[in-house]
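Novice: Can you read through this structure? Questions will come right after.
Computed from the coordinates by the stated procedures, all read-outs in this text should not be read as laboratory data. On a predicted model such as this, the values are computed, not experimentally measured, just so you know. Here the Cβ is made from the backbone with ideal geometry for all residues, glycine too, and neighbour counts use every protein chain on show.
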Amino acid sequence: MTFEINRRSFLRLGMATGAASLAPRWVFSQAAQPAAPTDRLAQMRAAGATTPIKTTKLYDNIWLLQGAGGNMAVQSGKDGIILIDSSFATAVPHIREAIAAVSTDAPHALVNTHWHVDHVDGNEGMHAAGYHVIAHEKTKTRMAEPAEMKLFHMSIPAYPAGALPSTTFATTMSHKHNGDTVELVHYDPAHTDTDIYVHFQNADVLHCGDIFFNKTYPFIDEGTGGSIGGTISAAQKSLALAGEKTKIIPGHGPLGDKAELKSYIDMLSAVRDKVAALKQSGASEQEVVAKKPTADLDPNWLHGGSPDMFVGIVYRTV
Ligand SMILES: [Zn+2]
Ligand SMILES: [Zn+2]
């Protein structure tokens, strides 16, 4: 997701206009023009209500689901269905339909890759449908508190108990399920301080959450522990798990593979190095942004936010 809390905001940095106008491409690519800022959460949920879910089979019993929020995945079998991430609350009927179209197995668990609203907003609905929610312990902490989304001039109330993870972990959690070993591992702070990956080891499917935006400049949530260096480290940790045939699910963007994750890391590293050098030479954030350090990369990367916004994030977190 594309916001931060605690009143440390893009607004303060004079970047709100660009952020707001471009955020839909990160968050709900089907959305039209941005609504009034105060309607942002409603707009996101409206997109969740109207965006169809595209289902792609990745393995005998694993599917990728792509709709309005972050990318989701489903694993089915006699031990029950595991769902990764829950998009927006309004997308829950579509998610349930998409799951029913591929499996008649019983609900088991919903795993959240991190705390952002485009990955957890459907938790309460999926919990009501029989899924128990698993996440990193800080995902629970953050969801239990109101979030101030300055980027969108929006506040999210604390989530109710039914939406909160009932099983949490600090570092790793492993689960034998439907004939596979499902590993949940916390990254050090990267996109946020709550990020985990989910690795179906036998199927060789890896869901990286928002530490990987495939083919797009990322949003990094500096308000909740995110940084460019942490994101690069997390992406490298993921790359080390990947073989040539590993199916790598990004938080946003198309299904990826090892080569695409590698090229994402190369892009992040190139921007980090350029911006860090300029910062060390004494240049201000505005001066660095004005130098357009991503100009040679811009034609090859979609701009979830503007290149300027990405450079600002890198400058502030490098
Ligand atoms: Zn996110
Ligand atoms: Zn996201």
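Novice: Quick one: net charge of residue 198's neighbours, Cβ under 10 Å, K/R +1, D/E -1? Before the final figure, lay out the partial values.
Specialist: Values: positive: none; negative: 85, 183.
In short, -2.
Novice: Using the Cβ atoms and a cut-off under 12 Å, what net charge is assigned to the surroundings of residue 130, where Lys and Arg are +1 and Asp and Glu are -1? The partial results should precede the final answer.
Specialist: Working: positive: 96; negative: 105.
Around residue 130, the charge tally is 0.
Novice: Pairs of alpha-carbon atoms within less than 8 angstrom and 6+ residues apart define the contacts here; what relative contact order does the chain have, in percent?
Specialist: Values: 720 pairs, mean separation 51.8, N = 318.
Averaging sequence separation for qualifying contacts and normalising by length gives 16 percent for the chain.
Novice: Would you calculate the separation in nanometres between label points at residue 39 and residue 202, each defined as 7 Å from the Cα along the Cα-to-beta-carbon direction?
Specialist: 4.9 nm
Novice: Please state the charge dipole magnitude for the chain, taken about the Cα centre, from unit charges on C-beta atoms (+1 on K and R, -1 on D and E), reported in debye and rounded to the nearest 20.
Specialist: So the dipole magnitude of the chain works out to roughly 340 debye.
Novice: For residue 166, project a label point 7 Å along Cα to C-beta. Then give me every residue of region 173-204 with its amide nitrogen under 14 Å of that point.
Specialist: Residues passing the 14 Å test: none.
Novice: Applying the Karplus parametrisation 6.51 cos²θ - 1.76 cosθ + 1.60 with θ = phi - 60° to the phi angles of region 82-97, what ³J(HN,Hα) value in whole Hz is obtained for each residue in order, glycine and proline being reported as x?
Specialist: After applying 6.51 cos²θ - 1.76 cosθ + 1.60, I find 9, 10, 10, 6, 9, 6, 8, 3, 5, 8, 3, x, 5, 5, 5, 5 Hz.
Novice: Provide the gained length on full extension for the span residue 237 to residue 283, in nm with one decimal, where the gain is 0.36 nm per separating residue minus the Cα-Cα distance. Mind showing how you got there, number by number?
Specialist: On the way: separation 46, 0.36 × 46 = 16.56 nm, distance 3.13 nm.
Separation in residues times 0.36 nm, less the Cα-Cα distance, equals 13.4 nm.
Novice: Of 242, 213, 98, which is farthest towards the positive pole of the chain's charge dipole, taken about the Cα centre with +1 and -1 on the beta-carbons of Lys, Arg and Asp, Glu respectively?
Specialist: Selected residue: 213.
Novice: While we're looking at this one, here's another question. Given the C-alpha centroids of region 47-110 and region 120-184, what is the distance between them in whole angstrom?
Specialist: Result: 16 Å between the Cα centres.
Novice: Related question: Quick check on region 11-317: what does the Kirkwood estimate of hydrodynamic radius come out to from the alpha carbon pairs, in Å? Write out the running numbers ahead of the final one.
Specialist: Working: mean 1/r = 0.0516 Å⁻¹.
Hydrodynamic radius (Kirkwood, Cα pairs) of region 11-317 is 19.4 Å.
Novice: Continuing with this model, one more query. Note down the relative contact order for region 229-274 as a percent, whole number, built from C-alpha pairs under 8 angstrom at least six residues apart. Provide the component values of the computation, followed by the final result.
Specialist: Details: 31 pairs, mean separation 16.6, N = 46.
Across region 229-274, relative contact order equals 36 percent.
Novice: Residue separation times 0.36 nm, minus the C-alpha to C-alpha distance between residue 273 and residue 158: what's the value? Mind showing how you got there, number by number?
Specialist: Numbers: separation 115, 0.36 × 115 = 41.40 nm, distance 3.78 nm.
Net length gain for the segment: 37.6 nm.
Novice: Let me ask you something else. Excluding residues fewer than 8 places away in the same chain, name every one of the lysines whose C-alpha is closer than 24 Å to that of residue 274.
Specialist: Within the straight-line limit of under 24 Å, residue 274 reaches these lysines: 215, 237, 262, 291, 292.
Novice: If packing is taken as the mean number of other Cβ atoms within 10 Å per residue, what is the order of 176-188, 282-294, highest first? Could the numbers behind the result be given before it?
Specialist: Working: 176-188: 18.2, 282-294: 15.8.
Per-residue Cβ counts within 10 Å, averaged per peptide and sorted highest first, yield 176-188, 282-294.
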